[in-house]
Amino acid sequence: MGYIAIILIAITEAMDCFAVSISTGLCKSTIPYSRAVLQSFSFGFFQGGMTLLGFFLGKVAERWVSAFGPYIACGILSILGLRMIWGAIREMREAKASEARDDQAGTISGGASCEIAAPSLTLKSIVLLSIATSIDAFAVGVSFAFAKVDLIFATAAIAIASFVIAQIGFEIGKRTARLFKTKVPEIIAGCILIGIGVKLLF
């Protein structure tokens, strides 16, 4: 797997962190900057760590499924991509329904995201959010076990991308509030994951 493909995977894997960080910024714009940085660091740490864990667990089974490796990797990435696309579409529908219900109250569309982001960024809530957003990274790590990949570069790229993009997401959410309502970035990310998975077959 080439470095460009790895970088694209790293960026797409950071989309969940991006979305959650935007939610955090939207819901709690008064959060101290240091706590937002801690959240971004935690996202990067868990994303990188779960990628490594998935890789080594996948390696254990390599001798039995090496012949089917490309298909396994394609399947995992395609499923993740489809799930990301479906999740984004579903959230857009729910957001529209919520906005219609809450229009008279003047609430921000996507109130569920506020709950996900937690009422405050305590250490416990940061860890829980980090675990929730790194599940896909574990699956990607498993797919790496069946592909020729520079593990150090891949892990570092995923961790760094998650940190940077999460921080950008928080700033966007904090500064733009109600202006940011689209889930298009997650749909694009899902399409990229599927494309990379299909590419592994050839």
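All but one of (1) in a helix (DSSP H, G or I); (2) modelled with pLDDT of 65 or more; (3) buried (at least 17 other Cβ atoms within 10 Å of the Cβ) hold for residue 121; which doesn't?
Unmet for residue 121, out of (1) in a helix (DSSP H, G or I); (2) modelled with pLDDT of 65 or more; (3) buried (at least 17 other Cβ atoms within 10 Å of the Cβ): (1).
Kindly indicate which of 61, 100 is open to solvent by 70 Å² or more (accessible area, probe 1.4 Å) and at pLDDT below 75. I'd like the intermediate steps shown before the answer.
Numbers: 61 fails: open to solvent by 70 Å² or more (accessible area, probe 1.4 Å).
Only one candidate passes the filter, namely 100.
Does region 137-187 hold any residues that are open to solvent by 10 Å² or more (accessible area, probe 1.4 Å), modelled with pLDDT under 80 and in a helix (DSSP H, G or I), and which are they?
174, 175, 176, 177, 178, 179, 184, 185, 186, 187
Mind counting the residues in region 29-49 that are open to solvent by 80 Å² or more (accessible area, probe 1.4 Å) and not in a loop (DSSP other than H, G, I, E, B)?
Within region 29-49, residues that are open to solvent by 80 Å² or more (accessible area, probe 1.4 Å) and not in a loop (DSSP other than H, G, I, E, B) number 5.
The values are calculated or read from the model by the stated rules, or taken from the named source; none is laboratory data. Please read these numbers as outputs of a predicted model, since none were measured by experiment. Cβ coordinates were reconstructed from backbone atoms using ideal geometry, including for glycine residues, and neighbour counts include every protein chain displayed. Accessible surface areas use protein heavy atoms only, side chains included; no ligands, DNA or RNA. Shrake-Rupley method; radii C 1.70, N 1.55, O 1.52, S 1.80 Å.
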